[in-house]
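Working notes, beginning with the structure itself.
The values are calculated or read from the model by the stated rules, or taken from the named source; none is laboratory data. It should be emphasised that the depicted structure is a prediction, and the values quoted were computed from it without experimental measurement. Here Cβ is always computed from backbone atoms with ideal geometry, including for glycine, and neighbour counts include all displayed protein chains.
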Ligand SMILES: CC(C)(COP(=O)(O)OP(=O)(O)OC[C@H]1O[C@@H](n2cnc3c(N)ncnc32)[C@H](O)[C@@H]1OP(=O)(O)O)[C@@H](O)C(=O)NCCC(=O)NCCS
């Protein structure tokens, strides 16, 4: 069964089915609570039988700070997927697609230019998911992550910054071909 | 801090001295400056410096000064002075919420009152009061903000939210809370009316509800102070309901509406609403997009079906059928996540209805009257997803035994997904053959289908008919005690074989990322579950635990799960099960290794620490000495508990900061959610556990100097947390454990518990016992705190006039703990009452004191007997370790309690002196027998041959007619013999490491 609801701050006590997976990081409470404080409408949960947390998405809507305005890396008002995770037992049911579509819809409602996200270079499954939904790699962020869960001997991994233009970007100003070869440093992304 | 509070460059030397902790110098400098020029800031700075003094007299003087300011309602002129006083109070009275409000809250409020137009001051003061939980002043400040800034849309909502927050906080008087709750309710009602009455919903007046969060606040307050009818009215209103402009599509409002309609039995309206939503969910907009698919939520389907069932008339049923058909129509185009809801709705409808329920056209149509084909059809469609079993379980558990039997027959005949082919799997050939020969199980989808079938079979076979005295298995008709051993064994064998065949050849055949779990995992988990249930079927006591049937099955479960873990490092459910099973066997380091593989962080340390650290002090209090090949050395138990405690300290500021942020961003609903988290974390069961275990370990295991400074982490708990007024919140996560059991009975986590789960009852008693120990045990007594502790104990006893009921205590305690608990309660009563001369004259006093002493002696004797009678001590399983450590602690506490009472001289009742002698004697005997047994246990493990015994136990089940090959024994060709042997060696080393801690259990000299 698929049932969505807004994330409730008390869900931090229940999100182990998603967060014990190695590709899902568990941050301090400030991280989750600052999203519920600022963008409660972009933080959704998919609930399974008996209220188990099967999946959740955390999103935000913002632009780069104004002092960044003239930087080539400045980002106009856009939606961002901060975290998207589906518990291993609930995968391949379309939950990730459903949750990210709902964030896209919010992005359109608030007139954002695009939706973007960072994904590990090794995370081919997530890349497939986003590609299937019309996202493209916009740039590669070198050593964005400080570890590599697929290889414990490495202490860093690149990220792909993937994007999908929203309704507002009629001329597709904010997408780029061959983004994989456009490398930037972590300090360039915001 | 100096940077923020430095006002004048001339003050820099003072701050330098403060930062260098040279308070004497700082005080001299500030006095010099004060002599030249007396300012409010310098005065505050001086108070702040004095607050940092280690002298209690200085601290008391600071407190007096601050209280004086607050009482005089002194108006401070600058922000820095308030901050300094705030800091000073924090130094002299840490963690005292009530005192903060009375002093600093009051001072802050006086400032705001004097300068209401200073918005920045008001905001800072509001933030500070909110952060400290001083809602009295927070609401006064928000009220002032609303009045002083009438053109603000937000402040009226701040004020309402603050009033409501006050009204739900237990810290304020009931009548005041009621009053402010009603006021909040009345005010938000007015704002709702303004939205409703607006001529143009796009041009709402300033003072009206305009955002989804404001609507959610309206519902929250109306729910608490109004009635459901009012809420429904709001939800029906086009300007305030879920479809209103203001709601901006907030889904929670629909959820409210459906729930309220159902609770009010408004079936017709519920039916129409849900039907409309489901239709909208599958209707495309002008650009051909399905933009409202969210309306196909399972909650909507449930409301739809339930309302149909409560309405008379064929048309309702027809409408349900039509809606399901429309959603399942391939042309409909909804995503599979939503389509699955429609399929499940069909199953649900068929189970809800007793008359035939047809779906589909033509000869293939399936009748809803016959429930098995409906389940099978769903299984066919969704069997490749792990969730299929979970989806179907609620329906299977509604089926009658005869139907279950039929279903089992179909499932066992391989008619559903074909024969997986593992029975023919030839090990030697398979490695050379192409795996296509085994396609029945060599793709993730096929395997998942079979796993769903196995889970259904497990569900049906491991459930005996309920409520019969001597039940027989539904399927093989043999009489059974708890589970049908023969069915379970067959299933275990079958599942384990399929599992081992599937993983044979390694992960490389499966196209998996290193972080993916293996698709076959649940088969191993299921087989392990069968083993664990089987371990309960043949319990017979034996002198050596390793020769029992019970142990053989537990070891088989572990061996299989270890095999699975080696193929699927990321499967946390396997690690959870392994942690539990290793604990049971007394293998501390192996349990720790499994637990470490969960890689818990942050809040998970609250929700899952219990899985290893509950009772760690009576299991493995000492550092882990056994280092495994694949791991670096582990944190000591006490380090782990301290790491957990750090979480609670950090959480406070995270919550208060974000409550403020929520106000700033108008996320009123979040304010209340955070409040709930704050209350929950202020005293979660797990936080109490961390303190108790920390203290127990510290007493037993000699610690390094850096560890000594810690008092167990009491600061993370409310004062006197043992009192019944403190509510503990159970945030432990039991649900992440795998469970394929019926949802109506105990989960698998419950079925495989080694000991009773963490409980309010046990922890409260433990905390009270800690107070007793603080009073009597010279190694932990705090100098000069005796009177305070004794008075805490007295108030605990008084508030607990009916001290925890003994009747069902075995539900919460192990046998040793149960006896110990009686002893502790008796000791608490003896220590408290025999030293309270006021009670000595009471007529019942002597009789009562005698009965406490009698209970105490009986329980100490009982404890001695328990140890004397304990068999199967080597290797020491968890129950043995728990017995020895628990008995030791109670012996030691009884010993020190009698010493303490004897040392009180005339302060203790004379008759107690005599009674003490017997207690002392029993306590010594108890500690001696613990020490003796500990030596025996430790020595026993020094002998050789244990590895072979482990391997024998895994591969052979002992039985009355001689040993028989075990399930894993019959599959040993599929297991890696070398790995099995290494693992058996680790198990034995782990046992040896576990008993190291027993050397602390030494008899005390009188
Ligand atoms: C990535 C992840 C979110 C996908 O969740 P999901 O709910 O299983 O994905 P969906 O069912 O919605 O799949 C949507 C599409 O993604 C692709 N996809 C998803 N999982 C796939 C897999 N294992 N292999 C290939 N394609 C896959 C498919 O195209 C799929 O469409 P289809 O099933 O109709 O063919 C999930 O695997 C996950 O939580 N991973 C760990 C955390 C993570 O990586 N998050 C992403 C960080 S940016």
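Here residue A:118 passes the criteria (1) modelled with pLDDT under 95; (2) within 11 Å of the ligand (Cβ to nearest atom) except the one numbered (1).
When region B:819-847 is filtered for residues that are surrounded by fewer than 16 Cβ atoms within 10 Å (Cβ to Cβ) and part of a helix (DSSP H, G or I), the ones remaining, listed by number, are B:837, B:838, B:839, B:840, B:846, B:847.
Please tell me if residue B:175 is closer than 21 Å to residue B:659 by Cβ and either touching a strand residue (DSSP E or B) at 6+ places or on another chain (Cβ under 8 Å) or free of Cβ contacts under 8 Å to residues at least 24 places away in the same chain (or both).
Working: closer than 21 Å to residue B:659 by Cβ: no; either touching a strand residue (DSSP E or B) at 6+ places or on another chain (Cβ under 8 Å) or free of Cβ contacts under 8 Å to residues at least 24 places away in the same chain (or both): yes.
Criteria not met by residue B:175.
Among the residues of region A:93-113, those identified as within 18 Å of the chain's Cα centre (by Cα), outside any helix (DSSP H, G or I) and facing another protein chain (nearest Cβ under 10 Å) are A:94, A:110.
Listed here are the residues, each with its yes/no results for (1) within 11 Å of chain A (Cβ to nearest Cβ); (2) buried (at least 22 other Cβ atoms within 10 Å of the Cβ); (3) under 25 Å from the mean Cα position of the chain (by Cα); (4) touching a residue at least 60 places away in the same chain (Cβ under 8 Å).
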residue: B:509; (1), (2), (3), (4): no, no, no, yes
residue: B:529; (1), (2), (3), (4): no, yes, yes, yes
residue: B:546; (1), (2), (3), (4): no, no, no, yes
residue: B:575; (1), (2), (3), (4): yes, yes, yes, no
residue: B:578; (1), (2), (3), (4): no, yes, yes, no
residue: B:588; (1), (2), (3), (4): no, yes, yes, yes
residue: B:607; (1), (2), (3), (4): yes, yes, yes, yes
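All of B:564, B:651, B:594 fail the test of being assigned by TED's automatic domain parsing to the domain that holds residue B:712 and surrounded by 24 or more Cβ atoms within 10 Å (Cβ to Cβ), apart from B:651.
Just to be sure before I move on: is residue A:37 more than 7 Å from chain B (Cβ to nearest Cβ) and either touching a residue at least 24 places away in the same chain (Cβ under 8 Å) or in a helix (DSSP H, G or I) (or both) in the structure I sent? So that I can check it myself, show each step before the final result.
Working: more than 7 Å from chain B (Cβ to nearest Cβ): no; either touching a residue at least 24 places away in the same chain (Cβ under 8 Å) or in a helix (DSSP H, G or I) (or both): yes.
No, not satisfied.
Against the numbered list (1) surrounded by fewer than 22 Cβ atoms within 10 Å (Cβ to Cβ); (2) away from the ligand (no atom under 14 Å from the Cβ), residue A:36 comes up short only at (1). Residue A:85 - would you say it is more than 8 Å from every other protein chain (Cβ to nearest Cβ), part of a helix (DSSP H, G or I) and in contact (Cβ under 8 Å) with a residue 12 or more places away in the chain? No.
Condition (residue is within 11 Å of chain A (Cβ to nearest Cβ), surrounded by 15 or more Cβ atoms within 10 Å (Cβ to Cβ) and within 17 Å of residue B:188 (Cβ to Cβ)) applied to region B:239-250: is it met by at least one residue? Yes. Filtering region B:313-346 to residues that are in contact (Cβ under 8 Å) with a residue 40 or more places away in the chain, surrounded by fewer than 19 Cβ atoms within 10 Å (Cβ to Cβ) and within 16 Å of the ligand (Cβ to nearest atom) leaves B:332, B:333, B:335.
For the condition within 11 Å of another protein chain (Cβ to nearest Cβ) and at pLDDT 95 or above, what is the one hit in B:684, B:690?
B:684
Only a single criterion out of (1) closer than 18 Å to residue A:161 by Cα; (2) outside any helix (DSSP H, G or I); (3) near the ligand (Cβ under 8 Å from one of its atoms) is not satisfied by residue A:80, namely (3). Residue check: residue B:582 meets all listed conditions (1) outside any helix (DSSP H, G or I); (2) crowded, with 24+ Cβ neighbours inside 10 Å but one, namely (1). Note on region A:1-24: residues that are free of Cβ contacts under 8 Å to residues at least 24 places away in the same chain and more than 7 Å from every other protein chain (Cβ to nearest Cβ) total 0.
Got a number for residues in region B:706-721 being modelled with pLDDT under 85 and either crowded, with 17+ Cβ neighbours inside 10 Å or not in a loop (DSSP other than H, G, I, E, B) (or both)? Number of matching residues: 4.
What's the total number of residues in region B:665-676 that are in a helix (DSSP H, G or I) and more than 8 Å from chain A (Cβ to nearest Cβ)?
As a first pass, look at region B:665-676 and keep what is in a helix (DSSP H, G or I): B:668-676.
From what is left, the residues that are more than 8 Å from chain A (Cβ to nearest Cβ) are B:668, B:671-672, B:675.
Residues flagged as in a helix (DSSP H, G or I) and more than 8 Å from chain A (Cβ to nearest Cβ) within region B:665-676 amount to 4.
Filter region B:489-515 down to the residues that are part of a loop (DSSP other than H, G, I, E, B) and touching a helix residue (DSSP H, G or I) at 6+ places or on another chain (Cβ under 8 Å), then identify the one that is farthest from the ligand (Cβ to nearest atom). In this case the residue turns out to be B:504.
For region A:57-77, taking the residues that are in contact with a helix residue (DSSP H, G or I) (Cβ under 7 Å, 6 or more places away or on another chain) and more than 14 Å from chain B (Cβ to nearest Cβ), the one that is nearest to the ligand (Cβ to nearest atom) is identified as A:59. Does region B:632-649 contain at least one residue that is at pLDDT 95 or above, at the interface with chain A (Cβ under 8 Å from one of its Cβ atoms) and part of a helix (DSSP H, G or I)? Looking through region B:632-649, none of the residues is at pLDDT 95 or above, at the interface with chain A (Cβ under 8 Å from one of its Cβ atoms) and part of a helix (DSSP H, G or I). Only a single item in (1) within 30 Å of residue B:678 (Cβ to Cβ); (2) within 12 Å of the chain's Cα centre (by Cα); (3) within 13 Å of another protein chain (Cβ to nearest Cβ); (4) surrounded by fewer than 24 Cβ atoms within 10 Å (Cβ to Cβ) is not met by residue A:80, and it is number (3).
Quick test for you: out of A:90, A:112, pick the one residue that is over 24 Å from residue B:338 (Cβ atoms), in contact with a strand residue (DSSP E or B) (Cβ under 9 Å, 6 or more places away or on another chain) and crowded, with 19+ Cβ neighbours inside 10 Å. Among A:90, A:112, only A:112 is over 24 Å from residue B:338 (Cβ atoms), in contact with a strand residue (DSSP E or B) (Cβ under 9 Å, 6 or more places away or on another chain) and crowded, with 19+ Cβ neighbours inside 10 Å. Can you find a residue in region A:130-149 that is within 30 Å of residue A:3 (Cα to Cα), within 15 Å of the ligand (Cβ to nearest atom) and buried (at least 20 other Cβ atoms within 10 Å of the Cβ)? The answer is yes; a qualifying residue exists.
When you look at residue B:310, is it under 38 Å from the mean Cα position of the chain (by Cα), more than 9 Å from chain A (Cβ to nearest Cβ) and touching a residue at least 40 places away in the same chain (Cβ under 8 Å), yes or no? Working first, answer last.
Details: under 38 Å from the mean Cα position of the chain (by Cα): yes; more than 9 Å from chain A (Cβ to nearest Cβ): yes; touching a residue at least 40 places away in the same chain (Cβ under 8 Å): yes.
In short, yes.
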